[in-house]
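Each remark here refers to the structure printed beneath this line.
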Amino acid sequence: MVTLLLDQAQLEIVLSPLERAATFHRENVRVERSSIVKVQLTDDPHTWLRGVPGPGTHIPGIVAAGTWKAAATTDFVLIRRRRAGVVIDLEGAEFDRLIFSTRHGLALTQALRLDVS
């Protein structure tokens, strides 16, 4: 399961050694909160995959991890089995979208709400 750290400035996806190997990422994935455009909950994150892993690991229905590249998009993916997850659309960041499995999707969406004055 993905470990998430959230503060007022950024969202960080903390990768375990196994996740680092599967995703081919040496460091945790950090995204500025200001670059988050949209957050969606999904029952099956696999349906949100677009493009091909490059680099990444893909065993259909079991695991999808790493950078997914399509025509003009680059997504970071960390999905295990058929578990519920979150899709986060980004603007002006290294990735266009984050897609990952988590049991805490509802709590994450509530924590990401922006204060409107």
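Which residues, counting only those in the range 1-12, are farther than 18 Å from R81 by Cα and part of a strand (DSSP E or B)?
Going residue by residue through the range 1-12, those that are farther than 18 Å from R81 by Cα are 4-12.
Once the filter is applied, which keeps residues that are farther than 18 Å from R81 by Cα and part of a strand (DSSP E or B), the range 1-12 yields L4, L5, L6, Q10, L11, E12.
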- Message: What's the total number of residues in the range 24-39 that are among the β-branched types (V, I, T) and more than 13 Å from the chain's Cα centre (by Cα)?
- Response: 1
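So which residues in the range 13-59 are assigned to a helix (DSSP H, G or I) and among the basic types (K, R), if there are any at all? Give the steps one after another, and end with the answer.
At the first step, the residues of the range 13-59 found to be assigned to a helix (DSSP H, G or I) are 17-23, 33-35, 45-48.
R20, R33 - these are the residues of the range 13-59 that are assigned to a helix (DSSP H, G or I) and among the basic types (K, R).
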- Exactly one condition in (1) within 21 Å of D7 (Cα to Cα); (2) aliphatic (A, V, I, L, M); (3) not in a strand (DSSP E or B) is not met by I99; state its number. (3)
- Item | Residues that are open to solvent by 30 Å² or more (accessible area, probe 1.4 Å) and of a type in the set (S, T, N, Q), drawn from the range 61-100 | T73, T74
- Looking only at the range 32-84, which residues are in contact with an Asp or Glu (Cβ under 6 Å, 6 or more places away or on another chain) and of a type in the set (A, V, I, L, M)? V37, A84
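Can you find, within the range 101-117, the residue that is most open to solvent (accessible area, probe 1.4 Å) among those that are small (G, A, S) and without any contact (Cβ under 8 Å) to a residue 24 or more places away in the chain? Before the answer, list the steps.
Applying the first criterion (small (G, A, S)) to the range 101-117 yields 101, 105, 107, 111, 117.
If we keep only those that are without any contact (Cβ under 8 Å) to a residue 24 or more places away in the chain as well, we get 107, 117.
On the way: A107: 58, S117: 156 Å².
Only one residue fits best here, namely S117.
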- Note on the structure: The residue from T42, T57, T47 that alone is surrounded by fewer than 14 Cβ atoms within 10 Å (Cβ to Cβ) and farther than 23 Å from G92 by Cβ is T47
- Item | Test for V37: is it of a type outside the set (S, T, Y), farther than 15 Å from V77 by Cα and either in contact with a Leu (Cβ under 9 Å, 6 or more places away or on another chain) or open to solvent by 70 Å² or more (accessible area, probe 1.4 Å) (or both) | yes
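The values are calculated or read from the model by the stated rules, or taken from the named source; none is laboratory data. If you're wondering where the values come from, they're calculated on a predicted model, not measured in any experiment. Positions of Cβ are generated from backbone atoms using ideal geometry, with glycine treated the same way; all protein chains shown enter the neighbour counts. Heads up: the accessible areas ignore ligands, DNA and RNA and are worked out on the full protein's heavy atoms, side chains in. Shrake-Rupley method; radii C 1.70, N 1.55, O 1.52, S 1.80 Å.
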